[in-house]
Amino acid sequence: MSRIKDVLIRNGKEQKALVAFLTAGDPGIEQTKDFIRELIRAGADLIEIGIPFSDPIAEGPVIQNANLRALAGGVDTNQIFQLAAEIRQESSVPLVFMTYLNLVFHYGYEGFFSRCQQAGVDGIILPDLPFEEKREVADIADKYGVDVISLLAPTSENRIRVIAEEAQGFIYLVSSMGVTGVRETIDTDLESLSTLIRKHTAIPCFIGFGISRPEQAVEMAAISDGVIVGSAIVKLIETHGNEAGRYIYEYVRSMKEAVMSARP
Amino acid sequence: MSKGRYGIHGGQYIPETLMNEIIHLEECYEQCQRDEAFNRELNRLLSEYAGRPSELYFAKKMTEDLGGAKIYLKREDMNHTGSHKINNVLGQVLLAKKMGKSRVIAETGAGQHGVATATAAALLDMECEIFMGKEDTQRQALNVYRMELLGAKVHPVTTGTMTLKDAVNAAMREWASRVSDTLYVLGSVMGPHPFPLMVRDFQSIIGKEARAQILEAEGRLPDAVVACVGGGSNAMGLFYRFLKDEQVRLIGCEAAGLGVETGKHAATIAKGSLGIFHGMKSYFCQDKFGQIAPVYSISAGLDYPGIGPEHAQLHDMGRAEYVPITDEEAVAAFEYIAKTEGIIAAIESAHAVAYLMKLAPQMGKEQVIIACLSGRGDKDVAAIAKYRGVNIVE
């Protein structure tokens, strides 16, 4: 069992969680390390580290561009394992990789997941690995104690039971159709999806895609176990570059407070 | 093993957001295949609108000049819209209509698939949006204008290498944001299942006709069939009906650009490796960490870093051969077939002609080759002129 299961308990009390995402290597690997420290200091409960891919088809323009900036800076998978290992030395916060299957396949499944275990990475999100193809990595990831996170989308209604019953770590509930990125409004009936998910699994369910403002975070956290924030953080990095640390801290702090204020 | 496998290749590696829709698509396709009314309508469009069957033309002058095997050309360039793309698109847009969709989207490289999709959409009253790499909108400006004339909206894609692979990414993203009224009409035998199967089925009319036509003309099967390969739809369409005829060599010609050793090419079989991308497991041009490589070819239609999964399997089995053809060889073949047979072939198809020019002289006079002229080359005239340093004033 990974550290993820403890994410909803802090200081012995149940709480809603804030998951924070950034792209490793944007603008550089050293900056990423500092930014992750800020995320932890600001109260992020789980850190999602994006391993950049040349063609991230599930991402909107903000994270796409972060991927391309990181690759242009020369970051590679080995450096990101090193980064995760260093963060693990400093903190017990759960760490989850987010990347595309080809990078993992090319690294070699055995090598990739054993390095995840060595570095203390608890799980992996692979947006191009649907339930139907899960066997591709499930057994090897399991052998090294890495949770393969399942995603559920607004179109998943008739698939929730089978997916949730096998889910590990947490459920990533995609708020709306399309790709990652800030959204003005979220129209999906997430409450009924979330209720349905809870019928079939006890693991946490976090809502992501499009959440950027504290009001949205309160609303989404009220109907789930917490929220995932990505593009809004990456946008701060895009705007402030090397100086983004303090902006990240302030922003994540406010989002964390919002999430905590949501009624259970 | 999951669905849509060709040996180890194929599969459905796509976001969860699209899974329900793709399962639905597969079911609808299976229903339509069995539906007589659907097939009647498709066949009517293929014959009355697209102009099928396309000719199997005996290239007498090339045959005499090259001094070897008898050369036949399967004239997909004579189809309505000027390429084989119309075969697949009529099938998919008709399917979209049966599914109750009101809008189709597509990616395009050279623009031929975009033009075909815009055409079918106009005919069948569908809204149509085309994603095309910005670089390709510039090298294929004529086709962009054509799509617009046909009522389609063309989106220049400015991310990544601004070519075909990025257009596919953009179309997938768009589809994920709007599946309810939209079908993504994929242009080649690639992507997640059921696209490689469906596109192959719709294109298999090329090989079906060619097989019957050559039996009629020569009383025997060909010794080799040759076609260009980007994603590989005209090649798969030609190969499919000859798969069981083991004496027939199947040869795919991929774009070697400036040469396979230069790094500026799109020769997936020659230089690629196994990977998972655009919904499928297959061969891709990529670096040691699995980042998809920027590829290059003079032909926008072959400028793709992967190959359809069924081709990947045919390569693994040794059933089909894949050969690299450089820009220079393709341009020379483009000029050769124009002067010899009076046919301006697409630069994509010229890759197949280039190999024909190497292969035919090595074969006996009693032997027969069929090459697929996948499309016509009007769109490429300016690019060829530029390559030869000729400035064409508009």
Just name the residue that is nearest to the other protein chains (Cβ to nearest Cβ) out of those in the stretch A:68-106 that are part of a helix (DSSP H, G or I) and of a type in the set (Phe, Trp, Tyr). A:Phe105
Has the stretch A:44-62 got any residue that is surrounded by 22 or more Cβ atoms within 10 Å (Cβ to Cβ), farther than 16 Å from B:Gln291 by Cβ and within 14 Å of chain B (Cβ to nearest Cβ)? yes
From the list B:Glu48, B:Glu107, B:Glu55, B:Glu76, which residue is of a type outside the set (S, T, N, Q) and more than 20 Å from the chain's Cα centre (by Cα)? B:Glu48
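For the structure I just gave you, tell me whether B:Arg200 is modelled with pLDDT of 95 or more, closer than 18 Å to B:Ser54 by Cβ and touching an Asp or Glu at 6+ places or on another chain (Cβ under 7 Å). Don't jump to the end; show me each part of the working.
Numbers: modelled with pLDDT of 95 or more: yes; closer than 18 Å to B:Ser54 by Cβ: yes; touching an Asp or Glu at 6+ places or on another chain (Cβ under 7 Å): yes.
Yes.
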Listed residues B:Thr262, B:Thr268, B:Thr340; which is buried (at least 24 other Cβ atoms within 10 Å of the Cβ), among the polar types (S, T, N, Q) and not assigned by the TED database to the domain that holds B:Gln138? B:Thr268
If we scan the stretch B:181-190, do we find a residue that is surrounded by 24 or more Cβ atoms within 10 Å (Cβ to Cβ), within 14 Å of chain A (Cβ to nearest Cβ) and under 19 Å from B:His9 (Cα atoms)? yes
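Specify which of the listed residues (A:Glu132, A:Glu110) is within 13 Å of chain B (Cβ to nearest Cβ), among the acidic types (Asp, Glu) and more than 20 Å from the chain's Cα centre (by Cα). Reasoning before the result, please.
Details: A:Glu110 fails: within 13 Å of chain B (Cβ to nearest Cβ).
Testing whether each residue is within 13 Å of chain B (Cβ to nearest Cβ), among the acidic types (Asp, Glu) and more than 20 Å from the chain's Cα centre (by Cα) leaves just A:Glu132.
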Any residue in the stretch A:153-165 that's more than 8 Å from chain B (Cβ to nearest Cβ): show its pairings with residues that are of a type in the set (S, T, N, Q) and surrounded by fewer than 21 Cβ atoms within 10 Å (Cβ to Cβ) at Cβ separation under 7 Å, as long as the two are six or more apart or on different chains. A:Ala164/A:Thr201; A:Glu165/A:Thr201
Check A:Ala164 against each of (1) touching a His at 6+ places or on another chain (Cβ under 8 Å); (2) surrounded by fewer than 21 Cβ atoms within 10 Å (Cβ to Cβ) and name the one condition it does not meet. (2)
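Restricting to the stretch B:287-325, what's the tally of residues that are part of a loop (DSSP other than H, G, I, E, B), among the charged types (D, E, K, R) and more than 14 Å from chain A (Cβ to nearest Cβ)?
In the first step, residues of the stretch B:287-325 are kept if they are part of a loop (DSSP other than H, G, I, E, B); the result is B:287-291, B:293-305, B:307-308, B:318-319.
This time we only want the ones that are among the charged types (D, E, K, R), so: B:287-288, B:303, B:319.
Right, trim to more than 14 Å from chain A (Cβ to nearest Cβ) and you get B:303, B:319.
Residues meeting the conditions: 2.
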Turns out the helices (runs of 4 or more DSSP H) fully within the stretch A:150-264 with at least 2 residues that are more than 30 Å from A:Gly25 (Cβ to Cβ) and not charged (D, E, K, R) are A:160-166, A:190-200, A:214-222, A:244-261
Here the qualifying pairs (Cβ atoms under 9 Å; residues six or more apart or on different chains; first in the stretch B:81-105 and modelled with pLDDT under 95 and surrounded by fewer than 24 Cβ atoms within 10 Å (Cβ to Cβ); second among the polar types (S, T, N, Q) and in a helix (DSSP H, G or I)) come out as none
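For the stretch A:121-129, state whether one or more residues are assigned to a helix (DSSP H, G or I) and either crowded, with 19+ Cβ neighbours inside 10 Å or away from every other protein chain (no Cβ under 14 Å) (or both). Talk me through it step by step, then tell me what you get.
To start, the set of residues in the stretch A:121-129 that are assigned to a helix (DSSP H, G or I) comprises none.
For the stretch A:121-129, residues assigned to a helix (DSSP H, G or I) and either crowded, with 19+ Cβ neighbours inside 10 Å or away from every other protein chain (no Cβ under 14 Å) (or both): absent.
Name the helices (runs of 4 or more DSSP H) wholly within the stretch B:11-102 that hold at least 1 residues that are basic (Lys, Arg) and within 22 Å of B:Met190 (Cα to Cα)?
Values: elements: B:16-34, B:36-44, B:60-66, B:85-98.
The qualifying helices (runs of 4 or more DSSP H) are B:85-98.
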Whether any residue in the stretch A:5-27 is within 14 Å of chain B (Cβ to nearest Cβ), assigned to a helix (DSSP H, G or I), crowded, with 24+ Cβ neighbours inside 10 Å and of a type outside the set (Ser, Thr, Tyr) is what I want to check. no
Considering only residues that are assigned to a loop (DSSP other than H, G, I, E, B) and at pLDDT 95 or above, look in the stretch B:262-280 and name the one that is nearest to the other protein chains (Cβ to nearest Cβ). B:His278
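The values are calculated or read from the model by the stated rules, or taken from the named source; none is laboratory data. None of the values given here were measured: they were computed from a predicted structure. Quick reminder, even Gly has a Cβ in these numbers, built from the backbone with ideal geometry, and neighbours come from all protein chains shown.
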